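In what follows, a structure is listed as structure tokens, so that the remarks can point back to it.
None of the figures in this text is laboratory data; all of them are computed from the coordinates on show. Remember, it's a predicted structure, so these values are computed and weren't measured experimentally. Positions of Cβ are generated from backbone atoms using ideal geometry, with glycine treated the same way; all protein chains shown enter the neighbour counts.
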Amino acid sequence: MAQAQTNKEYRTFVKGLITEATALTFPENASLDEANFVLNRDGSRQRRLGMDYEVGYLPTTITAVDVGTLADAAISLFKWTNAGDGTYNFWVLQVGKKLFFGNAASTAISSGYLSALTIDLSTYSTHADYYKYPVSMASGKGHLFVTGKYINPFNVHYNSGAGTTTKESMTLKIRDLVGVNDGTLVGLDQTTLTAAHKYNLKNQGWRSADAVLGEYYDDIAYWLAAWPGTYPANNKIPASALTANYEPDPVKLRRIPFGEVNAPRGRFVLDLFNRDRATVSNIAGCATTETESGRPEALAFYAGRVWYAGVQSNPSDGEFNIAGHIFFSQLLETAHKANLCYQEADPTSYEISDLVATDGGAIRIPEIGKVHRMVNIRNSLVIFADNGVWDISGSGADEGFSATGYQVKKISSVGSLSPQSIVEVEGYIFYPSFSGIYVLAPNQVTGLLEAINITETTIQKAYLAVPTISKVYSVGNYDSINKKVSWLYNDDATYDGVSYKYWYKKELIFDTVLKAFYRYEIVPANATQGPWVSGYIPSSATSVEYTVNTIVAGGSGNPVVATNPTQVIAGSTAQPGRGSTLLKYITFVMNNGTTSVDITFSHYKATSFKDWDTYAGGVGLGANYDSFLITGYELLEDTMRNKQVVYLVPHFARTETGYNSDMTYKTPSGCYIRTMWDFCSYGNTDPFDGSLSGKWGTPFQAYRLLKPYIPSGPSDGFKYGYDIVSTKNRVRGGGKAFSMRIYSEAGKDMHLLGWGVKFEGATIV
């Protein structure tokens, strides 16, 4: 009896990597595993281009002396927009001890390096290990604001006329709304006046003749005259009963039932990190000075103010812990208010004590853990901490934040892992957590932000398999042109999150249009020297599609240096869709052992399909990488019947465009296919250990130009006659389930459009 035959077409294999399915439930158009393919919106796939230095790049050499120990140096990058008079955009790169600046509008970003603007962070450091931690940066009102775990906050202003910057250290100021523990009962008048109790009284508005503070009336003495041998309790509000001479009336004050509540405090303004109450009050011995070793690790600009959070508070006397506080400045009329995190009017004043909308202050979230980052989005400030996500916004749906009207909401109990992995995406926020990658998106019913796990039904197993330390030090970014979110990470067995923790080898990409995950593997040209990618920067250039032709390296393993910023290294243009991105990558190259590195910028551009060609000295001399995918299991809805493949017909876009001087093709393609039957084991490298199952087929070249043409010479145009290359292939083997490994040929392109299969022996579908 003749066996049933059926044809099946695969035209949109762009669902990406899926791990959350069994062999019997695997979805259509998804891969079991893959690397180094670009998923196109038209349903096709292409090899990614090779990673290489940007055209016209210039390396900046920095030494261990400049940045600290290179292995420990923190790396962070920020794009400072609307600097100075609002017309300048800069990239700001921290490498350990220094901040480096460059013109973000330069086509070759590295050529825009502005050495004169370099800032030595040691000027603002509070601890010897300051360079080991990434700083946090924000911009507003033309200024750049900087802080870090051991970095005192400071702001930077760009003087456009002189091409210089002005830097100003910021001592964060708060009103003392806490006071000191004076050991008294709140509502009980005292028979003695300790220094601590005197401080509290003065901080609550009681005057005591003190020329140093400009006080010439003694309210405490006035009370003592009326009630000999006693001193006012902490619940007495002097402004509640004033005489015509603006003195508190002791008799009336005793008649007022204030209850067991402290009077309003906050007359004194303190340095947030060095709370010296004795000096501000001129009362010796009133309290031990509270000092903080840490500084804010999270910084934001929101609602016209600078926000500070993430202090790992451990005050020297243990009285006032600020770890759960989110501090915000007064509304910035000028940058000089960026450090004033307090109500402008004295809350204890007899005359004007009102809190107004433009005031600064602090918001306490008692249960919040370590704050990683604050993001301004959808008229809210979203706070990401290791134990959850919170939202600060105006008191009403259509109202902006003000000191007199705001609300705090907890969005999720799922916290973030690190500040640099949190990515803003056009009104949404993506963030990796311990349990998956989440997106903050508005609920379709309530409109309120909610956290949704986008890996739970896609790549959860793969995500959880990445070591936690690799995810903690990952860094993310958003490609606004191609609508893709991506994260750089390193999951090598030797990666420990300690030594060179910001040097990455892999990239996870999420296409927000296709809703698909896929990944890249970036291969260093030299195992010890690199180059290594260490982060992202969105470029302001209109195009970054470049490829480098053969050039000579300036010494063994050293990058080629353009002789001047206008020099252009000629080459062919990268193919659209793979190199047309505004995304560039911070790149480090070790030299002279570990004593110095060269810093530049790179991106996916090399049509040699090798990484770091320029570093290696010419096209085709860089590091090979494999582009591969393993298709899901094809069952044809029948797990009980064996199947065979009569024919396999893959379809490719032709890439050959002409001939080289040796009469080889320009931009040739190649594609190998290897079949797999009956759920046998697979791996990422070739050859596979197929001997155990005997179910791996023999690899064959699937991309073949079938119409010969003999050119007259290198200048002869390529004359094939077809833009699509289709080949008909017989496939051996059989079984209940069919899969394939489709992979690249070294140094060659591949643009896979899809494939068709004629099956035999299956139930007809």
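Numbers below:
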quantity: Order of M663, M137, M640 under a 10 Å beta carbon neighbour criterion, fewest first; calculated: M640, M663, M137
quantity: Of L114, I363, N203, farthest towards positive along the dipole that unit charges on Lys, Arg, Asp, Glu beta carbons give the chain; calculated: L114
quantity: Sequence-separation-based contact order of the chain, relative, with Cα cut under 8 Å and 6+ spacing, percent; calculated: 16 percent
quantity: The stretch 146-233, relative contact order in percent, only Cα pairs under 8 angstrom and at least six apart counted; calculated: 21 percent
quantity: Alpha-carbon centroids, the stretch 626-660 and the stretch 475-542: separation in whole Å; calculated: 29 Å
quantity: Cα Rg, Dmax, the stretch 245-313, angstrom units; calculated: 18.4, 50
quantity: Estimated 222 nm signal from helices in the chain, with DSSP H stretches of n ≥ 4 weighted -39500 (n - 2.57), rounded to 500; calculated: -1500 deg cm²/dmol
quantity: Relative contact order of the stretch 97-215, pairs being alpha-carbon contacts under 8 Å that are 6 or more residues apart, as %; calculated: 13 percent
quantity: Positive-end residue of S435, I322, N89, charge dipole of the chain with Cβ unit charges; calculated: S435
quantity: Cα coordinate range in the stretch 192-264, projected on the principal axes (Å, largest first); calculated: 34, 29, 24
quantity: Under 5 Å, built H, 5+ apart or other chain: amide partners of E54; calculated: F601, S602, H603
quantity: Mean-position separation - Cα centroids, the stretch 233-308 and the stretch 119-186, in angstrom; calculated: 23 Å
quantity: Cubic angstrom per residue, convex hull over Cα atoms of the stretch 436-509; calculated: 110 Å³
quantity: Alpha carbon centroid spacing (whole Å) that separates the stretch 10-27 from the stretch 408-458; calculated: 24 Å
quantity: The chain - charge dipole about Cα centre, Lys and Arg +1 at Cβ, Asp and Glu -1, debye rounded to 20; calculated: 2080 debye
quantity: Using θ = phi - 60° and Karplus 6.51 cos²θ - 1.76 cosθ + 1.60, couplings along the stretch 239-248 (whole Hz; Gly, Pro as x); calculated: 6, 6, 8, 9, 7, 4, 9, 6, 10, x
quantity: Dimensions (Å) - the stretch 51-119, Cα atoms, principal axes, largest first; calculated: 36, 28, 20
quantity: Where only alpha carbons of the chain are counted, the Rg and the Dmax (Å); calculated: 32.9, 119
quantity: Cα-based Rg of the stretch 314-424 normalised by 2.2 N^0.38 Å, two decimals; calculated: 1.18
quantity: Dipole in debye (nearest 20) - the stretch 192-264, about Cα centre, beta carbon charges: Lys, Arg +1; Asp, Glu -1; calculated: 200 debye
quantity: Relative packing of 179-186, 717-724, which averages over residues the other C-beta atoms within 10 Å, highest first; calculated: 179-186, 717-724
quantity: Translational D in µm²/s for the stretch 1-150 (Stokes-Einstein at 25 °C, 0.890 mPa s, Kirkwood Rh from C-alpha pairs); calculated: 124 µm²/s
quantity: Above-threshold pairs, the threshold being 28 Å between Cα atoms, out of K149/K471; K79/K484; K202/K337; K584/K719; K141/K173; K141/K505; calculated: K584/K719; K141/K505
quantity: Sorted by Cβ density within 10 Å, fewest first, the residues M750, M170; calculated: M170, M750
quantity: J(HN,Hα) series, the stretch 632-648, from Karplus relation 6.51 cos²θ - 1.76 cosθ + 1.60, nearest Hz, glycine and proline x; calculated: x, 6, 8, 9, 6, 6, 8, 8, 9, 10, 5, 10, 10, 9, 6, 9, 10
quantity: Listed residues L32, A244, Y217: farthest to the positive end of the dipole of the chain (Cβ charges); calculated: L32
